[in-house]
1. Quickly run through region 76-95 and pick out the residues that are modelled with pLDDT of 95 or more and in contact with a Gly (Cβ under 7 Å, 6 or more places away or on another chain).
2. Just give me the residues in region 111-128 being part of a helix (DSSP H, G or I), more than 14 Å from the chain's Cα centre (by Cα) and surrounded by 15 or more Cβ atoms within 10 Å (Cβ to Cβ), in sequence order.
3. Looking only at residues in region 77-91 that are of a type in the set (D, E, K, R) and without any contact (Cβ under 8 Å) to a residue 60 or more places away in the chain, which one is surrounded by the most Cβ atoms within 10 Å (Cβ to Cβ)?
4. Quick one: how many residues across region 41-70 are farther than 27 Å from residue 23 by Cα and exposed (fewer than 14 other Cβ atoms within 10 Å of the Cβ)?
5. Only residues that are among the acidic types (Asp, Glu), outside any strand (DSSP E or B) and touching a Leu at 6+ places or on another chain (Cβ under 8 Å): list them for region 153-178, please.
6. Any chance region 77-94 includes a residue that's in contact with a Phe, Trp or Tyr (Cβ under 6 Å, 6 or more places away or on another chain) and not assigned by TED's automatic domain parsing to the domain that holds residue 168?
7. When you check residue 13 against the structure, is it buried (at least 16 other Cβ atoms within 10 Å of the Cβ), touching a Phe, Trp or Tyr at 6+ places or on another chain (Cβ under 8 Å) and among the β-branched types (Val, Ile, Thr), yes or no?
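The values are calculated or read from the model by the stated rules, or taken from the named source; none is laboratory data. From a predicted model like this one, the values you see are computed outputs, not experimental measurements. Cβ sites come from the backbone with ideal geometry, for glycine too, and all protein chains shown count toward neighbours.
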Amino acid sequence: MIRKTPTSPEPRIYVACLAAYNNAELHGGWIDATQGAEGIRAEIQEVLRTSPEPDAEEYAIHDYVGFGSVSLHEYEDIDHVAELAEFIDDHGPLGAELVSHAGSIDDARRMLEDNYAGCYESLSHFAEDFLEETGQLDAVPEHLRGYIDFASYGRDLDLSGELETVEVDGELHLFWAR
């Protein structure tokens, strides 16, 4: 049951039969990690059942795709893999990078639900939009607005710790650090 590495961005894991691996045979399969923990476990059991080694019982995750910069270990808990894959499936590449940035799925979820400020081309664009939306630009006469350094203001918000930034595919996602 050897399959080619998937080219799709969906979260998948490659599970190898350790009995076969320890006897210099490659036997395993790519498993859709978005199907839930029970589905993953069922496919792992199928990999072990079809092993060329009798009574195969142990497996390891030898590869994975679609998890962004999140690292999985050989013996990662399947419930965690399924929860992570579901979060990434729901939120795309931003979900994966946010988990990596925040350190946990719960923290990433909180950031998205409570602190998301939006997606911008740059901190400068965010700063200008923020000042407009909050009405702070109304206090500046129109003929002086060209002198406002939005790039510096955006950078100051970032450096002060008021904002957290996560870049995904050239887009800047901003989160209030509250």
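1. 82, 87, 88
2. Scanning region 111-128 gives 123, 124, 125, 126, 127, 128.
3. Applying the first criterion (of a type in the set (D, E, K, R)) to region 77-91 yields 77, 79, 83, 86, 89-90.
Cutting the leftovers down to without any contact (Cβ under 8 Å) to a residue 60 or more places away in the chain gives us 77, 79, 83, 86, 90.
Numbers: 77: 12, 79: 13, 83: 16, 86: 18, 90: 11.
Ranking the qualifying residues of region 77-91, first place goes to 86.
4. The total comes to 1.
5. Once the filter is applied, which keeps residues that are among the acidic types (Asp, Glu), outside any strand (DSSP E or B) and touching a Leu at 6+ places or on another chain (Cβ under 8 Å), region 153-178 yields only 158.
6. no
7. yes
Let's see how each residue does on (1) closer than 28 Å to residue 35 by Cβ; (2) outside the structural domain of residue 71 (by TED's automatic domain parsing); (3) surrounded by fewer than 18 Cβ atoms within 10 Å (Cβ to Cβ); (4) modelled with pLDDT under 95:
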position: 102; (1), (2), (3), (4): yes, yes, no, yes
position: 105; (1), (2), (3), (4): yes, yes, no, no
position: 132; (1), (2), (3), (4): no, yes, yes, yes
position: 141; (1), (2), (3), (4): no, yes, yes, yes
